[in-house]
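Reading through the structure tokens given below for one structure.
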Amino acid sequence: MADKPWVAFYWCASCGGCEEAVVDIAEKILDVVEAVNIGFWPVALDFKREDVESRPDGFFVASFVNGAVRTSEQEEMVKLLRKKSRLIFAFGSCSHLGGIPGLANLYSREEIFDYVYRKSPSTENPGETLPAENSRENGNELHLPEFYDRVYSLDQVIPVDYYIPGCAPPPDIVMNALEALLEGKLPDKGAVLSPNKALCSTCPLNETKPEKLLIRELKRPHEFQADPEKCFLTQGLLCMGPATRTGCGERCIRAGMPCRGCFGPLDNALDQGLSMLSALASILDFTPQEKEELERVLGACPDPAGTLYRFSLPSSILKGKRRL
Amino acid sequence: MHEPKIIAFFCNWCTYTAADLAGVSRMSYAPNVRIIRVMCSGRVDPELVIKAFDLGADGVLIGGCHPGDCHYQNGNHKTLRRYILLKRLLSQMGIEPERLRLEWISASEGEKVRRVCNEFTEQIRGLGPLRREVKNGG
């Protein structure tokens with residue numbers, strides 16, 4: 001036990017799917033446990049903060065952190081893990097790019113609290129109680145972590161060494177990362193551990209894509225029965241394939257759904273949403289004289305920010321909505 | 001008074017040549033516009049526009065050839081489609097869509113460069129400075 005390397009797993013603003021993804025490596029997890037000691041994994045085993053604090057700096061060979069950073073507690077924990085770990089792996093879309101929770105960057109903290117604790121139809125809160133960092137209840141002082149005004153990807157809070165992409169990362173991507181770590185075959189720091197190619201290049205429907213892809217209409221997946229064996233873009237469905245990194249095994253495509261972009265942008269793209277916007281502008285077959293017609297067709301995409309930045313808003317150039 | 005910063009991407013074949021013409025004709029116009037020459041308005045990647053806003057531009061102006069006159073046949077058609085998409089995105093991102101403007105200006109329209117730069121500068125002045133990113137925690 002003594003000479004096996006120690007690893008840690010932690011979660012921040014996430015759904016728990018990434019924790020599932022660790023278990024999804026199935027029986028291979030036994031090989032992993034054979035090779036490492038798990039020194040911190042609060043979701044699965046009984047660990048406390050002290051189990052990290054009491055360790056010397058650089059004790060863990062690697063920490064796998066999933067989830068975006070939204071609260072002061074999460075910030076504190078990832079800073080602690082950074083100190084105690086030689087390598088930090090951002091695990092999954094939320095920690096890599098900000099993820100779905102990152103869409104909250106379209107709203108301020110006040111707007112979120114107002115909706116969640118006052119206006120949402122399922123909320124009953126007659127006293128209009130809002131979470132407060134400090135409060136008193138029956139003579140006891142209560143403290144809650146600060147809820148920041150925006151969501152951060154992990155590398156906006158601490159330096160990150162490697163990224164394991166995906167919502168959630170598929171088992172082979174997780175296993176490859178673990179094997180590379182254990183065999184000392186990791187690439188240069190800063191790498192996203194998935195091929196730097198667009199999803200379209202590995203898509204099973206790629207051969208059904210015409211030489212020159214042009215579309216005259218946009219559709220939404222619930223509006224019609226898409227042909228699961230034909231390139232979704234040619235059918236007018238907004239598929240993020242052209243702007244998204246591959247490596248996912250085309251799970252969504254094989255299940256009859258267009259790509260939503262969870263693997264994030266390719267290495268040379270600054271901003272996944274804008275890459276897709278640019279790709280879309282190139283294939284929408286409208287002349288300048290047909291401007292009104294184009295505006296009408298774009299009505300089928302009522303939420304461009306939510307669609308183009310479904311997983312990557314906090315790590316985009318603008319990072320979220322500009323507010324006063 | 002707030003002096004707006006405006007980044008202008010002008011295409012080499014039409015609008016930039018028109019700006020040159022405005023210059024040699026000794027026309028004067030708002031000094032707020034910083035012109036960047038690109039080979040085609042179709043080369044103006046949305047990333048360039050958003051990056052300009054992010055780095056402190058209060059307005060972004062794109063100038064290209066009139067439809068049908070593009071040196072590369074239809075580069076400006078793509079520009080227009082990107083511009084329409086970008087405007088929709090900008091309003092969701094809390095940036096007034098009016099801060100982005102697209103104009104077709106041919107090589108002979110030096111006067112139009114002067115008018116558009118002046119008009120746009122006044123319009124952006126009216127909108128005031130672009131909201132800066134909120135920094136908090138993290």
Next item on the list: Report the equivalent ellipsoid semi-axes for region A:1-137 in whole Å, largest first, defined as the square roots of five times the eigenvalues of the gyration tensor built from alpha carbon atoms.
Entry: 34, 17, 14
Item checked: Spatial extent of region A:246-306: Rg and Dmax, with the Cα atoms as the point set, Å -> 14.2, 41
Note to self: Taking θ = phi - 60°, what integer Hz values does the Karplus form 6.51 cos²θ - 1.76 cosθ + 1.60 yield along region A:46-54, in sequence order, with x for Gly and Pro?
What the structure shows: 7, 10, 10, 3, 4, 5, 9, 4, 6
Checklist line | Cα convex hull volume per residue for region B:48-102 (Å³) | finding: 72 Å³
Item checked: Dipole axis of region B:6-127 (+1 Lys, Arg; -1 Asp, Glu on Cβ), positive-most option in B:VAL38, B:GLN123, B:SER108 -> B:VAL38
Next item on the list: Give me the angle, in degrees from 0 to 90, between the Cα long axis of helix A:272-283 and the longest principal axis of the Cα atoms of chain A, rounded to the nearest 10.
Entry: 10 degrees
Margin query: Please give the charge dipole size of chain B, origin at the Cα centre, charges +1 on K and R Cβ atoms and -1 on D and E Cβ atoms. Round to the nearest 20 debye.
Written below: 240 debye
Checklist line | For region A:277-324, radius of gyration divided by Kirkwood radius, i.e. Rg to Rh on alpha-carbons | finding: 1.06
Notebook entry, point to check: By a straight-distance test (C-alpha under 17 Å), which lysines pair with A:LYS79 as possible cross-link partners, with residues fewer than eight away in the same chain excluded?
Noted result: A:LYS48
Next item on the list: Mind checking which lysines have their Cα closer than 16 Å to the Cα of A:LYS212? Skip sequence neighbours fewer than 8 apart in that chain.
Entry: A:LYS230, B:LYS78
Next item on the list: For A:LYS219, enumerate residues with amide H under 5 Å from its amide H, sequence gap 5+ or separate chain, H modeled in the peptide plane.
Entry: A:LEU237, A:LEU238
Margin query: Rounding to the nearest 10 and keeping the result within 0 to 90°, find how far the Cα-based axis of helix A:72-84 lies from the longest principal axis of chain A.
Written below: 70 degrees
Next item on the list: Binning at 10 Å from 0, report for the protein assembly as shown what percent of all alpha-carbon pair distances ends up in each bin.
Entry: 4, 18, 25, 23, 17, 9, 3, 1, 0
Margin query: Springs between alpha-carbon pairs under 10 angstrom, Gaussian network model over chain A: which of A:ASP155, A:ASP227, A:ASP172 fluctuates most?
Written below: A:ASP227
Next item on the list: Run through all the Cα pairs of region A:60-123 and give the fraction in each 10 Å bin from 0, expressed as whole percent.
Entry: 20, 39, 26, 13, 3
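Hey, any idea what Rg/Rh is for chain B, computing Rh the Kirkwood way over Cα pairs?
Using Cα coordinates only, the ratio equals 0.98.
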Next item on the list: Rank B:ARG88, B:ARG34, B:ARG99 by mean-square fluctuation in a GNM of chain B with C-alpha springs under 10 angstrom and give only the top-ranked residue.
Entry: B:ARG88
Next item on the list: Find the centroid of the Cα atoms in region A:68-104 and in region B:32-63, then give the distance between the two in whole Å.
Entry: 33 Å
Next item on the list: With both partners inside the protein assembly as shown, how many of the DSSP beta bridges are antiparallel, as a percent to the nearest 5?
Entry: 20 percent
Notebook entry, point to check: So what is the orientation-averaged projected area of region A:199-308, using the convex hull of its C-alpha atoms, in nm²?
Noted result: 7.0 nm²
Margin query: Need the C-alpha centroid separation for region A:1-53 versus region A:116-181, integer Å.
Written below: 19 Å
Next item on the list: Report, in deg cm²/dmol and to the nearest 500, the calculated mean residue ellipticity at 222 nm for chain A, where each DSSP H run with n ≥ 4 adds -39500 (n - 2.57) and the sum is divided by the residue count.
Entry: -7000 deg cm²/dmol
Margin query: Given a 10 angstrom Cα cut-off, can you work out which residue in B:LEU85, B:LEU55, B:LEU127 is the most mobile in a GNM of chain B?
Written below: B:LEU55
Next item on the list: Over 20 Å between C-alpha atoms is what I'm after, so list which of A:LYS4/A:LYS84; B:LYS87/B:LYS112; A:LYS291/A:LYS319; A:LYS209/B:LYS87 land there.
Entry: B:LYS87/B:LYS112; A:LYS291/A:LYS319; A:LYS209/B:LYS87
Notebook entry, point to check: Which trypsin sites (Lys or Arg not before Pro) does region A:69-130 hold that lie in a coil by DSSP with at most 15 other beta carbons within 10 Å?
Noted result: none
Notebook entry, point to check: Between B:MET27, A:PRO314, A:SER194, whose Cα lies farthest towards the positive end of the dipole of the protein assembly as shown when Lys and Arg beta carbons carry +1 and Asp and Glu beta carbons carry -1, centred on the Cα centre?
Noted result: B:MET27
Note to self: Across region A:121-250, what fraction of all alpha-carbon pairs, as a whole percent, falls in each successive 5 Å bin from zero upward?
What the structure shows: 2, 8, 11, 12, 11, 9, 10, 11, 10, 7, 5, 2, 1, 0, 0
Item checked: Of A:GLN289, B:GLN92, A:PRO145, farthest towards positive along the dipole that unit charges on Lys, Arg, Asp, Glu beta carbons give the protein assembly as shown -> A:GLN289
Notebook entry, point to check: In terms of modelled amide H atoms, which long-range or inter-chain residues lie less than 5 Å from the amide H of B:PHE9?
Noted result: B:ILE36, B:LEU61, B:ILE62, B:GLY63
Checklist line | Residue-wise HN-Hα coupling along region A:180-197, computed from phi with Karplus coefficients 6.51, -1.76, 1.60 (Hz; x: Gly, Pro) | finding: 4, 5, 6, 8, x, 10, 6, x, 4, 4, x, 6, 8, 7, 6, x, 8, 9
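Every read-out reported here was derived from the displayed coordinates using simple, explicitly stated rules and does not represent laboratory data. No experiment lies behind these values; they were computed from the predicted model shown. No Cβ is skipped: glycine too gets one built from the backbone with ideal geometry, and neighbour counts run over all protein chains shown.
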